[in-house]
Amino acid sequence: MLAAIIAPLPALLDGDFSFKTNDENLFSGGSSNDTYLNRIYNERYKGYELSLQNKLKAKGIDGVTVRINIAYNGGLVEIMSVAADVSQAVITSGDKNIDINMTVISTISAGLGVDPSKIIIVGGGG
């Protein structure tokens with residue numbers, strides 16, 4: 001058993017080994033950190049999208065799909081725009097006079113702290 005553990009050591013000590021990875025950019029300099037952080041922020045904002053959809057559902061509007069467009073630049077994340085697809089939206093509350101577009105805009109604006117001008121309503125017909 002000890003021989004099985006020691007057998008690979010000569011190859012390691014001779015320098016005939018290499019570390020291989022599927023991610024070619026892993027050791028290529030500064031861009032790997034940015035790529036990694038982009039993935040982290042994208043996942044975080046996907047969570048925000050789901051949270052906003054749940055807030056809208058709680059307000060009586062179901063079926064809205066929210067997509068947040070972010071830009072990551074040197075440590076700063078900025079929300080460029082937010083698209084809210086209301087083409088499948090259904091009013092589930094007792095109040096059928098809800099203005100879907102205005103409720104979506106105000107909920108997203110308050111939830112993310114973004115200016116309403118960055119929110120784009122898709123499929124709302126107006």
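Any read-out appearing in this document is the output of simple, stated calculations on the displayed coordinates, not a laboratory observation. Not measured: the values here are computed from a predicted model. All Cβ positions, glycine included, derive from the backbone under ideal geometry; neighbour counts span all protein chains shown.
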(request) Return the lysines within reach of K96: Cα separation strictly under 30 angstrom, same-chain partners fewer than 8 residues apart disregarded; answer none if there are no such residues. (result) K46, K55, K57, K59, K118
(request) Return the long-range amide H neighbours of I70 (sequence gap of 5 or more, or a different chain), with a cut-off of under 5 Å between placed amide H atoms. (result) M80
(request) Work out the length of the dipole vector of the stretch 29-122 about its Cα centre, built from +1 on the beta-carbon of each Lys and Arg and -1 on the beta-carbon of each Asp and Glu, and round it to the nearest 20 debye. (result) 160 debye
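How high is the relative contact order of the stretch 29-122, given as a whole-number percent (alpha carbon pairs under 8 Å, six or more residues apart)?
Working: 118 pairs, mean separation 23.5, N = 94.
Worked out over the stretch 29-122, it gives 25 percent.
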(request) Provide the percentage of antiparallel DSSP beta bridges, counting only those with both residues in the stretch 29-122; round to the nearest 5. (result) 75 percent
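Calculated FRET efficiency, V90 and N38, Cβ-Cβ r, R0 41 Å, to nearest 0.05?
Given R0 = 41 Å and the Cβ-Cβ separation, E is 0.75.
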(request) Measure off 7 Å from each Cα along the Cα-to-Cβ vector at D115 and K55, then give the distance between these two points in nanometres to one decimal. (result) 1.9 nm
(request) Give, as a single signed number, the net charge of other residues whose beta carbon lies under 10 Å from the beta carbon of I79, with Lys and Arg counted +1 and Asp and Glu -1. (result) -1
